[in-house]
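A short worksheet on the structure shown next.
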Amino acid sequence: MTDSYDVVVIGGGVMGCATLHYLAKMGVTNSLLLERDTLAAGSTGRSMTILRNHYSNAITTRMAQESRNVIADFESETGHPGGFVNTGYVFLVIPGQEEALRANVALQNEHGVDSRAMTSEEAAAQWPEINFESVAAVAFEPDSGYADSSAVTNGFALSAREAGAEVRLGVNVTGIVLNRGRAVGVETDQGHINAGAIVLTAGPWIPEFLHSVGAPLPLTWVRHQVVKLHRPLNKIPTHPIIADTSNGISFRPDAGDLTLIGIREDPTDRDTYNQSVDPSCAADSLEYLVNRYPAFDEAGWDGGWSGLFTVTPDHHPIIDRVPGIDNLVVGAGFSGHGFKLSPTIGRGLAELAMHGKSTSIDMSVLRFTRFADDDLLSSAYGASVFA
Ligand SMILES: Cc1cc2nc3c(=O)[nH]c(=O)nc-3n(C[C@H](O)[C@H](O)[C@H](O)COP(=O)(O)OP(=O)(O)OC[C@H]3O[C@@H](n4cnc5c(N)ncnc54)[C@H](O)[C@@H]3O)c2cc1C
C-alpha cells in the first residue's frame, strides 16, 4: 500500500525541521520529512549561526527578534538544547551609511529590540581593544549571539518526532507529482508517497523542483568561506560578534579558543564547489583581523570550511505557495541569514501549508511573484548578506 501523509516536507535542513516542528505544534502529526543525506547536511551544517537583529525591513526585524527569543530559550520550545551563547553583536558601517544605521536602529527599537547607535568614539571607549579606524558609526545589540546549528536542527526534528511526525533519512526525492493543478505526492528513489500538501525546503537544490512544475525562481549560489583561528586566550578570552560593511566580513567566538571568520561571496557551481578554505582567504582574514583587533596578532590559522548561500536578487527569501499550485509551499533563498530566522520561517511555512497563508506574521512581502512584478525589497546597505 502507498504511504500517505497530510504533509510531506522535502529537505532536512533547519527550515524543513522547523516546519515539521511547527506542524506538530499545530496538531498536524501525520507528516513526513524526507532527507536524502543526514539532517543539516546542506547549508545549515556549514552555518556561522549568528543571530542578530540589524535589518532594514520590518518583516526581517520582526522575524529576527521573535526567532532569537525562541532559539535563546530553545528548551522551552522543543524540550532540547539549542546551544545559544550571548556574546553581543557590534555592527560597523563606513562613511555614508550613518543615517541608514540610525534608521535601522530606530526600526529595531520600535520592535522592542535593545539596539544602540554609537559614534566610533563612543564605541572605542567601550571596546578599547578594537580599532575603529575608518568606521563611521556602530550599532550594538547586547542580546545577540550565536547557537548550534546541529542542536537546533535536530531539536526541531526530535520534538516533532516525539509528537508523532516521521523523519526518513537517506531518501532522495526525485519529483513532485501534480494532478489537476494540485500536488498529490512525491516520487523518491524508494517509491511513491502520497501527500495532502508539500513543503519544499531543499535549500540549494530547490530550482529543479520548481522548474519541473513550471514555476522557476531567480535563485543563484555563492560560496562563503569560514576561516577557523585559535586566538590567544590570555589576551582575548572572548569577544563580541563583529560585522563590517566595508568588506562583508563577520567574526565570532566559538568554543574554547576558537574564532570563526565569515568572508567572501563568490559565484560558484552548486555541486562541485571547493568546500574547504583558500589559503589566500585565510591570509586576508588574518590581515583584516589584526588591523581591526590587534591582539589577534598571535592567532593561528586552523583550516575551516566553505558553504553555499542560496540568493535571490534582493537577498530576501521567498516564503509562499507556488502560484497556481495551492498546496505546494516553498521556502527558498535564505542567503547568509536563514539560520537566525528559522523558527518564524518554519512556523510560517507550516501555516501556509495548512491555512494557505502565514497567519502569525504576515509574510506576503516575501511572495513568490515579487521578482516577476519587479517589486523587490530594498536594504539600507544594498542587496547583500547584511540585507
Ligand atoms: C558558510 C555559511 C555561513 C552562514 N552563516 C549564517 C549565520 O551566521 N547566520 C544565519 O542566520 N545564517 C547563516 N547562514 C545561512 C543559513 O545557514 C541558511 O540560510 C540555512 O541553513 C538554510 O537552511 P535550509 O534548510 O533552507 O537549507 P539546507 O540546510 O541546505 O537544507 C536543504 C536540505 O535538503 C536536502 N535535499 C536537497 N535535495 C533533496 C532531495 N532531492 N531529496 C531529499 N533531500 C534533499 C539537502 O540534503 C539538505 O539537507 C550561513 C550559511 C553558510 C553556508
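Against the condition surrounded by fewer than 18 Cβ atoms within 10 Å (Cβ to Cβ) and of a type in the set (S, T, N, Q), how does SER335 come out, does it pass? Quick ask: steps written out before the conclusion?
Details: surrounded by fewer than 18 Cβ atoms within 10 Å (Cβ to Cβ): no; of a type in the set (S, T, N, Q): yes.
No: the conditions fail for SER335.
Please go through region 42-67 and pick out each residue that is touching a strand residue (DSSP E or B) at 6+ places or on another chain (Cβ under 6 Å) and under 23 Å from LEU376 (Cα atoms).
Within region 42-67, ARG52, ASN53, HIS54 meet the criteria.
Test ALA183 against the criterion of being more than 12 Å from the ligand (Cβ to nearest atom) and touching a residue at least 60 places away in the same chain (Cβ under 8 Å), and give yes or no. Step through it out loud before you land on a result.
Details: more than 12 Å from the ligand (Cβ to nearest atom): yes; touching a residue at least 60 places away in the same chain (Cβ under 8 Å): yes.
Considered against the rule, which asks whether it is more than 12 Å from the ligand (Cβ to nearest atom) and touching a residue at least 60 places away in the same chain (Cβ under 8 Å), ALA183 comes out as yes.
Does THR61 fit the bill of being more than 7 Å from the ligand (Cβ to nearest atom) and outside the structural domain of VAL329 (by TED's automatic domain parsing)? I'd like the intermediate steps shown before the answer.
Numbers: more than 7 Å from the ligand (Cβ to nearest atom): yes; outside the structural domain of VAL329 (by TED's automatic domain parsing): yes.
Answer is yes for this residue.
Find the residue count for region 210-227, including only residues that are closer than 18 Å to SER43 by Cα and within 12 Å of the ligand (Cβ to nearest atom). Lay out the reasoning, then the answer.
Within region 210-227, the subset closer than 18 Å to SER43 by Cα is 219-227.
Applying the additional criterion that residues be within 12 Å of the ligand (Cβ to nearest atom) yields 219, 221-227.
The total comes to 8.
Before we move on, is VAL138 over 30 Å from CYS17 (Cα atoms) and touching a residue at least 40 places away in the same chain (Cβ under 8 Å)?
Numbers: over 30 Å from CYS17 (Cα atoms): yes; touching a residue at least 40 places away in the same chain (Cβ under 8 Å): yes.
Judged against the criteria, VAL138 is a match.
Show me the helices (runs of 4 or more DSSP H) found entirely inside region 69-182 where at least 2 residues are modelled with pLDDT of 95 or more, surrounded by fewer than 16 Cβ atoms within 10 Å (Cβ to Cβ) and of a type outside the set (D, E, K, R).
Values: elements: 74-78, 98-110, 120-126, 149-163.
Hits in region 69-182: 98-110, 120-126.
Within region 246-269, which residues are surrounded by fewer than 17 Cβ atoms within 10 Å (Cβ to Cβ) and more than 29 Å from GLY83 (Cα to Cα)?
Of everything in region 246-269, those that are surrounded by fewer than 17 Cβ atoms within 10 Å (Cβ to Cβ) and more than 29 Å from GLY83 (Cα to Cα) turn out to be SER246, ASP266, PRO267, ASP269.
The values are calculated or read from the model by the stated rules, or taken from the named source; none is laboratory data. The model shown is predicted, which means the values in this text are computed figures rather than measured ones. Virtual Cβ from ideal backbone geometry, glycine too; neighbours counted across all protein chains shown.
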